[in-house]
Amino acid sequence: MLLYFFITCFSFALFLKSLPLKPLPPWATEMRLLSVFFWKDLLMGSYFGSAKNNFLSLLHSNKRMVLLSASNAKTEKAAGEEEVDGLESMLVLDLPELALECILEKLSPAGLCSMAAVCSSLRERCTSDYFWERHMKQKWGRIIGPAAYREWQWHQASRKDLGSYKPGEQKGWSRLVSAVWSAFPWIKLNAESQNDSNENGCKERSCSLPVDSTMAWYLALESGKFWFPAQVYNRENGHVGFMLSCYDADLSYDPRTDTFQARYPPHGRRPVAIETGVHWERLRAPPVDTSPHDLHASDCLHDLSPGHHIEIQWRRNKEFPYGWWYGVVGHLEACDGNEHYCRCHNSETVVLEFHQYAPGSRWRRTTVNRKDHREEGNEADGFYGGVRKLSKDDEISRWKRLWPSEVLE
């Protein structure tokens, strides 16, 4: 019996070898799912006919499984293509509100202006203060103070009073486009599209940009058409007479050079001085809301001790506006500077020193009264005004970065 079985298998193998080689059907690869134990049972089983029937049944079920898998794959591929087509046809406004908000938050000011030209719905979102306040703070926050904001409000009020701003006289979108062209000349917007329907089905309509909006203020600053008050370190290109000082000026931004033009108020009979090419690092917002012609109320005199950093108002004569000058608190002449025996902080007299000037210079040292400080000085040495204590490290480090390369006389 066993000999007969081997002869049959050997003949069957020779027969298979004589057949031409053809690629197997795809379902044949599923034969790897059959267990090795199945082949053992098939060869060693006692009932060959039953095993043969089981083998054919298994092959039939496997082929059916492969065909079903291929059919499912085609179905999934077709569904995937339909999903891709759906994504490609998805509109920006179809996104969830939170997702759209996150996208708009990542846009630059120029990007927001471009997006605002798409349709009225996006224009309403892209011109809101929510997105522009962050850009305003990021770029202009260091040099814009309460005085600049008051100047902006007065500027808008004066435009209304003069009748230059009349709702309905000019379409708000045209005003926005003009402002964008001035602030971002590299953006090319088609103003004629305001009356057309875009692909999103959002019909452009007249939409006025509020004059008191943060976007309007940002574009006015960026265009350079709005002059605003701020302070300039080492005015007039670092003139030796103004080293380590900070004076009030009206500024206008130049977007082509990323610098400013400064216009200083007249000093007595001197005309208005104008300086160009002022860089960002030489600018700051006024630290106190005090006019340059008014005496600052000093509220820190009782806290001053030797080594403290200060700024003090000074002007050449009473016709000049004040400027802020950097100095440090020094020791009294009777004190040797030993911190264990120093009692300078208990004295009514506060010594202020300006180390940018050489020892012996009349500008090197001055004193103020701690209890009853008013403007002190004369026509020869100038007049000293209010004092403010510097407590922030960035304020002190900025003064030190502006330190002159040579000692002043």
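List the residue pairs whose Cβ atoms are under 7 Å apart, where the first residue sits in the range 318-338 and is closer than 18 Å to Val368 by Cβ, the second is surrounded by fewer than 16 Cβ atoms within 10 Å (Cβ to Cβ) and polar (S, T, N, Q), and the two are 6 or more positions apart or on different chains.
As it stands, the answer is Val329/Ser305; Leu332/Ser347; Leu332/Thr349, since those pairs meet every condition given.
If you check Tyr264 against the conditions, is it buried (at least 16 other Cβ atoms within 10 Å of the Cβ), outside the structural domain of Asp394 (by TED's automatic domain parsing) and under 15 Å from Asn234 (Cα atoms)?
yes
For residues in the range 235-266 being of a type in the set (Val, Ile, Thr) and modelled with pLDDT of 95 or more, which is nearest to Glu395 (Cα to Cα)?
Across the range 235-266, the extreme among qualifying residues is Thr259.
Could you please find all residues in the range 370-397 being under 34 Å from the mean Cα position of the chain (by Cα) and either outside the structural domain of Ser347 (by TED's automatic domain parsing) or surrounded by fewer than 13 Cβ atoms within 10 Å (Cβ to Cβ) (or both)?
Ser391, Lys392, Asp393, Asp394, Ser397
Residue under question is Val351, and the condition is that it be touching a His at 6+ places or on another chain (Cβ under 6 Å), among the β-branched types (Val, Ile, Thr) and surrounded by 16 or more Cβ atoms within 10 Å (Cβ to Cβ); does it hold?
When the stated conditions are applied, Val351 does not pass them.
Matching residues to (1) assigned to a loop (DSSP other than H, G, I, E, B); (2) not basic (Lys, Arg):
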position: Asp212; (1), (2): yes, yes
position: Glu222; (1), (2): no, yes
position: Tyr247; (1), (2): no, yes
position: Leu251; (1), (2): no, yes
position: Phe260; (1), (2): no, yes
position: Arg270; (1), (2): yes, no
position: Glu275; (1), (2): no, yes
position: Asp289; (1), (2): yes, yes
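Name the pairs: first residue in the range 274-297 and closer than 24 Å to Gln261 by Cβ, second residue in a loop (DSSP other than H, G, I, E, B) and among the basic types (Lys, Arg), Cβ to Cβ under 7 Å, at least 6 apart or on different chains?
Arg284/Arg142; Ala285/Arg142
Just the residues that are charged (D, E, K, R) and farther than 15 Å from Ser245 by Cβ, please, taken from the range 395-409.
Residues satisfying the conditions are Glu406, Glu409.
Consider His296 against the criteria (1) under 35 Å from the mean Cα position of the chain (by Cα); (2) surrounded by fewer than 18 Cβ atoms within 10 Å (Cβ to Cβ); (3) assigned to a loop (DSSP other than H, G, I, E, B): it satisfies all of them except one. Which criterion is unmet?
(2)
Just give me the residues in the range 223-246 being crowded, with 18+ Cβ neighbours inside 10 Å and free of Cβ contacts under 8 Å to residues at least 12 places away in the same chain, in sequence order.
none
Of the numbered conditions (1) surrounded by fewer than 19 Cβ atoms within 10 Å (Cβ to Cβ); (2) of a type in the set (Lys, Arg); (3) at pLDDT 95 or above, Arg269 fails exactly one; give the number of that condition.
(3)
How about the range 306-334: which of its residues are out of contact with any helix residue (DSSP H, G or I) (no Cβ under 6 Å at 6 or more places or on another chain), more than 18 Å from Glu376 (Cβ to Cβ) and either small (Gly, Ala, Ser) or buried (at least 22 other Cβ atoms within 10 Å of the Cβ) (or both)?
The answer is Gly307, Ala334.
The values are calculated or read from the model by the stated rules, or taken from the named source; none is laboratory data. Since the structure is predicted, the reported quantities are computational estimates derived from the model, not experimental observations. Here Cβ is always computed from backbone atoms with ideal geometry, including for glycine, and neighbour counts include all displayed protein chains.
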